[in-house]
Amino acid sequence: ELSLNFKIQAKALVEAGADYLLIETALDTLNIKAAYIGCLDAFEDVGQTLPVAISGTVETMGTMLGGQTVEALYTSIEHMKPLYIGLNCATGPEFMRDHIRSLAEISKYPIAVVPNAGIPNEDGVYPEKPENLASTLQTFIDEGWLNVIGGCCGTTPSHIQSLSEIANTSNPRTYIPES
């Protein structure tokens, strides 16, 4: 039933003219697989295929909610040949550092990171200032780990402006696309 729900959503997006589909804030690889099957079914119904990108969510304990590490996430989705693979939500960028490094070391696909503006406090306020978020992601870029950056929960237009500025002056990660 879950892949049927994803199929309905994917079909509507394809028919509406989407450029690609993003399976994001994925907390478990089984949900990713269900979403991917839904996408494939939608492509078959519509007679058109779009690229699919995947963004998992690793919690502060270091795994996805289903217990998978980023290495397990990659192994589970590599055969899907994603447009890119990345991480989003759950934490601020500093908690994503080791996981993004690991993905960049093993992935033959582009890498994305779309962090929250930190972990919200008890009042729901996200602590990362735009310049801090950009500074941390700049270190990821300087290490050669990233191709796509963005902001998730708690980010504001000012955060995105800061990210845009570093993206416009940086080189993306080098990877060898699969032929």
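The values are calculated or read from the model by the stated rules, or taken from the named source; none is laboratory data. These numbers come from a predicted model, not from an experiment. Here Cβ is always computed from backbone atoms with ideal geometry, including for glycine, and neighbour counts include all displayed protein chains. Keep in mind that these areas ignore ligands, DNA and RNA; they rest on the heavy atoms of the full protein, side chains included. Shrake-Rupley method; radii C 1.70, N 1.55, O 1.52, S 1.80 Å.
Miscellaneous remarks
- Sorted largest first by accessible area at a 1.4 angstrom probe radius, with every protein chain in place, the residues CYS152, CYS39 fall in the order CYS152, CYS39.
- Ordered from highest to lowest accessible area with the whole protein assembly present and a 1.4 Å probe, GLU71, GLU15 read as GLU15, GLU71.
- Using a probe radius of 1.4 angstrom, the carbon and sulfur fraction of the accessible surface of the range 114-163 is 50%.
- Compared with the dominant principal axis of the Cα atoms in the chain, helix 29-46 is inclined by about 50°.
- Net charge over other residues, Cβ less than 14 angstrom from the Cβ of ALA134 (K, R count +1; D, E count -1): -4
- Between the helical axis of 2-15 and the longest alpha-carbon principal axis of the chain there is an angle of about 90 degrees.
- The range 155-173-the range 1-33 distance, computed between alpha-carbon centres (Å): 27 Å
- Gyration tensor verdict on the chain (Cα atoms; rounded if a/c is under 1.5, prolate if a/b is larger than b/c, oblate otherwise): prolate
- Helix 93-106 and the long axis of the chain differ in direction by around 50°, with both axes built from C-alpha atoms.
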